[in-house]
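To keep things clear, I will list the structure first and then write my remarks on it.
The values are calculated or read from the model by the stated rules, or taken from the named source; none is laboratory data. In this text, all values refer to a predicted model and were calculated from it rather than measured experimentally. No Cβ is skipped: glycine too gets one built from the backbone with ideal geometry, and neighbour counts run over all protein chains shown. Protein only, heavy atoms only, side chains kept; ligands, DNA and RNA dropped before computing areas. Shrake-Rupley method; radii C 1.70, N 1.55, O 1.52, S 1.80 Å.
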Amino acid sequence: MLTAPGGAQAIELVRQHGAKISLVLLDMTMPEMSGRQTYETLEKILPGIKVLVSSGYSIEGQAQALLDSGCKGFIQKPFDAVDLSAKVQAILQPIPAK
């Protein structure tokens, strides 16, 4: 697991580790850059990157805009380990072939 205290550091980690990163968990409100700014930059570096966004605010507004632009999931704060695990599993689970 890699951790970053803010958006700029998260971007640097993705630049360094690229496709080795399975999922990024972003908060809508972070130091230096917003979750939206960070997501948009990550998507340019690694198109299709799987991102789960969290927020203490409702999904309406900026979080919904991120989902509409390709972010893979949203989790409302406060959340517990069970809820987080379920969201992560849902995002990382491969889509069954038909």
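How much net charge surrounds Ser34 when only other residues with a Cβ under 10 Å from its Cβ are counted (Lys, Arg +1; Asp, Glu -1)?
Every neighbour counted, the sum reads -2.
Mind listing the long-range amide H neighbours of Leu26? Cut-off is under 5 Å, sequence gap 5 or more, other chains count too, H placed in the peptide plane at 1.01 Å from N.
Leu52, Val53, Ser54
Counting other C-beta atoms within 10 Å, and keeping those with at most 15, which DSSP coil GluC sites (Glu not before Pro) do you find in the chain?
Glu32, Glu60
Report in % the part of the accessible area of the chain that belongs to carbon and sulfur, leaving out ligands and nucleic acids; probe 1.4 Å.
Here it works out to 57 percent.
For Leu92, what charge total do you get from the other residues with a beta carbon under 13 Å from its beta carbon, if Lys and Arg give +1 and Asp and Glu give -1?
+3
How far is it, in nm, from the label point at Ile21 to the one at Ser85 when both lie 7 Å from their Cα along the line to the Cβ?
Going from the Ile21 label point to the Ser85 one covers 2.5 nm.
So what's the back-of-envelope 222 nm ellipticity for the chain, counting only DSSP H runs of four-plus at -39500 (n - 2.57) apiece and dividing by all residues, rounded to 500?
Helix-only estimate at 222 nm: -12500 deg cm²/dmol.
Taking the Cα centre of each part, how many Å lie between the range 15-66 and the range 67-89?
Here the answer is 12 Å between Cα centres.
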